[in-house]
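Below is one structure, written out as structure tokens, with a few remarks after it.
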Amino acid sequence: MKVPVTVTVNGQVYQREVEPRLLLVHFIREVLGLTGTHVGCDTSQCGACVVLMDGKAVKSCTVFAVQADGAQITTIEGLARNGQLHPLQEGFWEMHGLQCGFCTPGMILAAYDLLQRNPNPTDEEIRHALEGNYCRCTGYHNIVRAVRYAAEKLRVQA
Amino acid sequence: MYPASFNYYRAMTLQEALNLLRQHPEAKVLAGGHSLIPLMKLRLANPPALVDIGRIAELKGIRRADGTVVIGALTTHREVEFSEELKQWCPLLPEVAAHIGDPPVRNMGTIGGSLAHADPAADYPAAMLALGATMKAVGPGGERMIAADEFFLGMLTTALQPGEILTEVHVPVLGKGTGWAYEKFPHPASRYAVVGVAVVVRVENGICREARIGITGAAPRAFRATNVEQALAGKRLDEATVRAATENMVSPEGLLSDPFASAAYRAHLCAVLTRRALLRAAERAG
């Protein structure tokens, strides 16, 4: 059985026929060729696969592509505007919020979800919001600083 | 990891979903998928068909009907966690929801899905028992209400019958003089409860009139600590009383045991977490 899906990813509409068992992360990576979204643990724990679905952070390894039919998806490729990094991307750069970078796309999109509902989070709130995103390099300290940097920049811009 | 192949059917109304389940009796119901999809990826569940109820509008939302709060089965953990209404009417539930998984998981997982799945380490079952919740199920034979005490039958097994869909959760509005708390020892990787204890106490003039204690994670299904509930009725909920009532409250026999937490350790956690939850609930009851 193949099912038609229409998914808007980073503002572009894609129509594809997919097997119902195709996971959203594989749809994004293998069908659309957007490999910024990573597969880490593949068991909805590590958060490497986090994307925004209708504005909310979700673990795309635990969502079927058919569930995203009609949805707006944002991946890491969709954050920069006109060659300008998003403040979160800039924050990870400036504050050394990554080392190997594998967790970074998911980390940034989970942080994006947080800053939408809480533009001025405390360090503790940042840590709680990123509880579902594992980083094995940084020790998290600079990730918290990166999110704080982005929050400040976004508040100034607003 | 890919699940085994399955056929996919999407229902836009409850009636459509019931019809689809009648046509495809082997199908499983898909809501947020955060209990079912992991099982399918591990091939522990291989349903030949899924009926996706995730878009059925009538299964969403939180409303109040007199002394009862009605929560649609598709309400996500995130919606429960941040619901201003629930924080007023039944604040135990937002406290419990904030402990489930992590924020992206809470964005997808639903209260109905979690309850129908009945993972022995899920958080909500403890709260449902402590609250004396009622589950509404709709099936080919009409609708029926199932008390939480009769709902959780065993490991991944509930009182729901084939063809039935859990549509609503009914919980009481927690009034003045009522205290609540949820204490959890999460597994550090999965965030599931190694043991989780939900408590609701009703206190009058400093005396406990009723205590309800629901425990998850410890046994193959969530259960009530009725021995502790009875021991506390009519007593002051001070530390010494609570300590005496919770000591050795659960026997390790029949509890879950794994390399991370033995049955004896789970029994110990039951006592510690029940004590903490009771003392915090008593403080809130005033």
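Structure notes:
- Filter pass, residue B:102 being within 21 Å of the chain's Cα centre (by Cα), at the interface with chain A (Cβ under 9 Å from one of its Cβ atoms), at negative phi and acidic (Asp, Glu): yes
- Evaluation of residue A:70 against (1) assigned to a loop (DSSP other than H, G, I, E, B); (2) free of Cβ contacts under 8 Å to residues at least 60 places away in the same chain (one fails), failing number: (2)
- Only one entry in A:31, A:66 is surrounded by fewer than 19 Cβ atoms within 10 Å (Cβ to Cβ) and not assigned by TED's automatic domain parsing to the domain that holds residue A:126, namely A:31.
- Criterion applied to A:48, A:146 was being buried (at least 24 other Cβ atoms within 10 Å of the Cβ), assigned by TED's automatic domain parsing to the domain that holds residue A:25 and out of contact with any strand residue (DSSP E or B) (no Cβ under 8 Å at 6 or more places or on another chain), and the one residue passing it is A:48.
- Odd one out for residue B:41, checked against (1) more than 9 Å from chain A (Cβ to nearest Cβ); (2) over 30 Å from residue B:181 (Cα atoms): (1)
- Strands (runs of 3 or more DSSP E) enclosed by the stretch B:166-267 - at least 2 residues per element that are over 14 Å from residue B:282 (Cβ atoms) and small (Gly, Ala, Ser): B:193-204
- Scan of the stretch A:73-87 for residues that are in contact (Cβ under 8 Å) with a residue 12 or more places away in the chain and either in contact with a Leu (Cβ under 6 Å, 6 or more places away or on another chain) or away from chain B (no Cβ under 14 Å) (or both), ordered by number: A:74, A:75, A:76, A:77, A:78, A:79, A:86, A:87
- Within the stretch A:117-132, the residues that satisfy the criterion of being surrounded by 19 or more Cβ atoms within 10 Å (Cβ to Cβ) and either more than 11 Å from chain B (Cβ to nearest Cβ) or free of Cβ contacts under 8 Å to residues at least 12 places away in the same chain (or both) are A:121, A:126.
Condition check ((1) at pLDDT 95 or above; (2) surrounded by 15 or more Cβ atoms within 10 Å (Cβ to Cβ)) across all residues:
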position	(1), (2)
B:184	yes, yes
B:197	yes, yes
B:206	no, no
B:223	yes, yes
B:234	yes, no
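- Test set (1) in contact (Cβ under 8 Å) with a residue 60 or more places away in the chain; (2) surrounded by 15 or more Cβ atoms within 10 Å (Cβ to Cβ); (3) more than 30 Å from residue A:130 (Cα to Cα) - residue B:283 fails condition number: (2)
- Residues being modelled with pLDDT under 95 and buried (at least 20 other Cβ atoms within 10 Å of the Cβ) - total across the stretch A:82-104: 0
- Residue A:133 fulfils the conditions (1) in contact with a Gly (Cβ under 8 Å, 6 or more places away or on another chain); (2) over 30 Å from residue B:37 (Cα atoms); (3) not in a helix (DSSP H, G or I) except for a single criterion, (2).
- Failed condition for residue A:55, given (1) surrounded by 17 or more Cβ atoms within 10 Å (Cβ to Cβ); (2) within 12 Å of the chain's Cα centre (by Cα); (3) on the phi > 0 side of the Ramachandran plot: (1)
- Residue B:167 meets all of the listed conditions (1) at pLDDT below 95; (2) crowded, with 19+ Cβ neighbours inside 10 Å but one, namely (1).
- Residue A:158 of a type outside the set (Lys, Arg) and surrounded by fewer than 19 Cβ atoms within 10 Å (Cβ to Cβ): yes
- In the set B:51, B:29, only one residue is touching a residue at least 12 places away in the same chain (Cβ under 8 Å), out of contact with any Lys or Arg (no Cβ under 8 Å at 6 or more places or on another chain), buried (at least 22 other Cβ atoms within 10 Å of the Cβ) and part of a strand (DSSP E or B); that residue is B:29.
- Of note, residue B:246 does not satisfy the criterion of being touching a strand residue (DSSP E or B) at 6+ places or on another chain (Cβ under 7 Å), more than 30 Å from residue B:18 (Cα to Cα), at pLDDT 95 or above and surrounded by 14 or more Cβ atoms within 10 Å (Cβ to Cβ).
- Consider the stretch B:1-26 and keep the residues that are touching a helix residue (DSSP H, G or I) at 6+ places or on another chain (Cβ under 9 Å) and assigned to a loop (DSSP other than H, G, I, E, B). The one that is farthest from the other protein chains (Cβ to nearest Cβ) is B:13.
The values are calculated or read from the model by the stated rules, or taken from the named source; none is laboratory data. What you see is a predicted model, and the numbers here were worked out from it, not measured in a lab. Neighbour counts run over all protein chains shown; Cβ positions are idealised from the backbone, glycine included.
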